[in-house]
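Accompanying notes for the structure given below.
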Amino acid sequence: MASPPPPPPKLPVPGRRNILVTSALPYVNNVPHLGNIIGCVLSADVFARYCRLRGYNVIYICGTDEYGTATETKAMEEKCSPKEICDKYHAVHSEVYKWFDIKFDKFGRTSSPQQTEVCQAIFQKLMENNWLTENTMQQLYCDTCQRFLADRLVEGKCPTEGCNYEAARGDQCENCSKLLNPTELIDPKCKVCKNTPRIRDTDHLFLELPLLSDKLVNYINETSVAGMWSQNAIQATNAWLKEGLKPRCITRDLKWGVPVPHEKYKDKVFYVWFDAPIGYVSITASYTPDWEKWWKDPDNVELFQFMGKDNVPFHTVMFPSTLLGTGEKWTMMKTISVTEYLNYEAGKFSKSHGIGVFGNDAKDTNIPPEVWRYYLLTNRPEVSDTLFTWADLQAKLNSELLNNLGNFINRVLSFVAKPAGAGYDSIVPDAPNAESHPLTKALAEKTNKWVEQYLEAMEKVKLKQGLKSAMGISSDGNAYLQESQFWKLYKEDPAACAVVMKTSVGVVYLLACLLEPFMPSFSNGVLRQLNMTPEESLSFCDDKGEIAKAKRPWDFVSAGHKIGKPSPLFKELKDEEVESFRNRFAGSQAERSSKAQADAEAKKVADKLKGTKLSDGGQKKEQKKQSGGSKSKNAEVDVTVAKLDIRVGLIRKAQKHPDADSLYVEEIDVGEEAPRTVVSGLVKFIPLEEMQNRKVCVLCNLKPVVMRGIKSHAMVLAASNENHTKVELVEPPESAAVGERVAFAGYSGEPEASLNAKSKTWEKLSADLHSNGELVACYKDAPFTTKAGVCKVKSIANGEIR
């Protein structure tokens, strides 16, 4: 059955409140982490959902920011084109946001024809109005890579006094948030080859911010008050103005980006922070050809923008200056909502370093999206940095969601669903004169105050306070149930019990409405249990009288309405699960990913080796092909081991991985035309000097794995003790020739017995028995060894022989 066609694009409606919501465009160089999600897309989604709930005419526009250096860098790491990177990560972002119940009206991309068209049109207006100048600037040039280095292709020490962060990027220090030029970095290095670049002259175009300052300052002074800008947005903007506006370069020596429509600069592209905010406009243009009705009608459209604090200057200074410079009547930002940083356990979320819980990680925990949304929103860093901890997530889920909210709803609906004589047989009872019931009247007054606080907070984009107000209704509902002792009233005062239960069902509906912007899947679940459809039921509009009903919660659900089947809405998160998650998500994303990939490959190898073991007399199989035609009843060998391409290798060069403290990168000669690059997690166990120019055992036919940006084309085998506290390289005899294939063999009786397996990858081998029930790794007539002695094989996992 074909899916229904999408609804027609929404356009501003005269006489209604028209709201355009955007969130900072997430960059496509990685999977978004929880800090990214709460900082922009989730916060904007909550506000957009609130606007829909209130009956406003709203669209929510977002998309992936795809041009710029970070994309080129990621493409180089993954050995593909920038477009392939963008295609890959746009799909990843879309999937993550879909799982988090983010409801965009349009989730687009900046690498679109509309982006080129709109961006170049704005550029032409700026040129016509003489707001652009040409200038020669000094830029870092890498002789090794033979290219000018864009901002993010350079790293060095931050020059800001008191910061001195060692890994500051060429455009911005992520430690102190100061915007930088690459030439300002102390001891800069090319991110590609790690060599020191030199300074060269290059011509670029600049936006003359000083000439636009009067227009800009007037806009900021008026709008920051009228739009109730968050304090951190005002502070960040004023800091820029206080430093004094300077001409800002808008072009870059790159290939991946919007081309500059100017003969002299046709080989350059627009700087990503010039064209990225224009993405809001171009994505709206891909949503509707009538995009100008949203973006060029400031009298009838309100623009709300959501972002993290590091993006503020680009939205309060750069982007407004760009629009003001065109001389056209643009819909300028009215309200900006800015978050501080969400930190992770003992450190800081970092997309570039892979630290923290990422969107795909959240999905893999099997913790429902409504729980993640609730936790992130209660912890939203609105005025200062906040901290994500697994223990806090557990506490909020078990205490606030399960024991407070879930308990209230389940107690109410379960009692109503009980059969007649014990409950109401799923039928909402009638409750005449409910307002005359003192306890119910007191609850109605409290509920109304909570609703007033909720609406005030949400209109001011104080999302955390809005959520707290809604949850206050649930707490009061639990207290109301307890104080009423409804289970006694059912027999002793049926009329009063009917009032309590009809009022409580109304509060359940009210909670479903108010919490929908925060936890939409939760609200849908509650409505199903109420036997209501979300499309028809969820509304909280002035003109429909829903707000007035907050003073009379018993009126939300009609008497005689039949509810659905109640069921628990939340599940307890146990201590052992929390500890498991804490261990599972320790370290960086890349290290976790590499470990997972290595574990998967190791499992394949281990599965192949399962049948390859010695037994002690009760074997059902015999290996018939042995030298001299003799049969050994004791030897049991699975020839699938022959599929393992294990060779003697010589480490020609070993060095530490540039982006991972626990990894070595080796160049290993395995008898081929060129040495293989191999990444090994041996830093903690084997000194670097002991990795140089030594023979090792190399498993050559594993699928290549990218480990922190470097593809590993084989696996060095090592041996560990039982508790994994000691790891040593497996060494073939000195006489072993580089590139010769080797294998594992096991014997339990005849010292001189040898094996000639069918596969060409096996050679004629011989070995003595060294341990009952274990294999011995051999090369011709000599066993492999480690410093501890003969290497006995139980299995292969993570490149270790055990």
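The values are calculated or read from the model by the stated rules, or taken from the named source; none is laboratory data. Here the structure is a predicted model, which means the values were calculated and not measured. Please note: Cβ atoms are built from the backbone with ideal geometry, for glycine as well, and neighbour counts cover all protein chains shown. When the accessible area is computed, the model is the full protein with side chains, heavy atoms only, and any ligands, DNA or RNA have been set aside. Shrake-Rupley method; radii C 1.70, N 1.55, O 1.52, S 1.80 Å.
Data for the structure
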item: Subset of segment 540-570 that is over 27 Å from ALA417 (Cβ atoms) and assigned to a loop (DSSP other than H, G, I, E, B) - its residue that is nearest to the chain's Cα centre (by Cα); result: CYS541
item: Considering residues of segment 172-187 that are in contact (Cβ under 8 Å) with a residue 40 or more places away in the chain and either buried (at least 20 other Cβ atoms within 10 Å of the Cβ) or touching a strand residue (DSSP E or B) at 6+ places or on another chain (Cβ under 7 Å) (or both) only, the residue farthest from TRP273 (Cα to Cα); result: THR183
item: Meets criteria (at pLDDT 95 or above, surrounded by fewer than 23 Cβ atoms within 10 Å (Cβ to Cβ) and not aliphatic (A, V, I, L, M)) for GLY564; result: yes
item: Residue in segment 417-433 that is acidic (Asp, Glu), open to solvent by 10 Å² or more (accessible area, probe 1.4 Å), part of a helix (DSSP H, G or I) and in contact (Cβ under 8 Å) with a residue 12 or more places away in the chain present; result: no
item: Top-ranked residue in segment 188-220 [being in contact with a strand residue (DSSP E or B) (Cβ under 6 Å, 6 or more places away or on another chain) and under 30 Å from VAL21 (Cβ atoms); ranked as surrounded by the fewest Cβ atoms within 10 Å (Cβ to Cβ)]; result: LEU209
item: Any pair with Cβ under 6 angstrom, 6 or more apart, that starts in segment 725-738 at a residue that is in the same structural domain as ILE646 (by the TED database) and ends at one that is modelled with pLDDT under 80 and in a loop (DSSP other than H, G, I, E, B); result: GLU728/LYS787; VAL730/PHE784; VAL730/CYS791; PRO732/PHE784
item: Residue satisfying condition, being buried (at least 18 other Cβ atoms within 10 Å of the Cβ) and of a type in the set (Lys, Arg), within set LYS329, LYS296, LYS264, LYS268; result: LYS268
item: Pair list, Cβ < 6 Å and 6+ apart or interchain, from segment 319-343 residues that are over 29 Å from ASP385 (Cβ atoms) to residues that are in a strand (DSSP E or B) and not hydroxyl-bearing (Ser, Thr, Tyr); result: THR331/VAL301; THR331/LEU303
item: Enumeration of residues in segment 233-283 that are of a type in the set (Lys, Arg), within 27 Å of VAL28 (Cβ to Cβ) and part of a loop (DSSP other than H, G, I, E, B); result: LYS255, LYS266, LYS268
item: Condition check for LYS178: in the same structural domain as GLU72 (by the TED database) and of a type outside the set (Gly, Ala, Ser); result: no
item: Checking ILE102 against (1) touching a helix residue (DSSP H, G or I) at 6+ places or on another chain (Cβ under 7 Å); (2) surrounded by fewer than 22 Cβ atoms within 10 Å (Cβ to Cβ); (3) assigned to a loop (DSSP other than H, G, I, E, B), the condition it does not meet; result: (2)
item: Count of segment 131-171 residues which are in contact with a Ser or Thr (Cβ under 7 Å, 6 or more places away or on another chain), buried (at least 18 other Cβ atoms within 10 Å of the Cβ) and of a type outside the set (Phe, Trp, Tyr); result: 6
item: Count - residues of segment 105-131 that are within 21 Å of GLU72 (Cβ to Cβ) and assigned to a loop (DSSP other than H, G, I, E, B); result: 3
item: Selection within segment 643-666 - closer than 18 Å to LYS711 by Cβ, open to solvent by less than 60 Å² (accessible area, probe 1.4 Å) and not in a loop (DSSP other than H, G, I, E, B); result: GLY649, ILE651, ALA654, TYR664, VAL665, GLU666
item: Failed item in (1) open to solvent by 30 Å² or more (accessible area, probe 1.4 Å); (2) assigned by the TED database to the domain that holds VAL317; (3) in contact with a Lys or Arg (Cβ under 8 Å, 6 or more places away or on another chain), with THR223 passing the rest; result: (1)
item: Among residues of segment 6-65, those that are in a strand (DSSP E or B) and farther than 27 Å from ASP87 by Cα, counted; result: 4
item: Residue list for segment 657-678, filter: in contact with a Leu (Cβ under 6 Å, 6 or more places away or on another chain), touching a residue at least 40 places away in the same chain (Cβ under 8 Å) and closer than 26 Å to ALA167 by Cα; result: HIS657
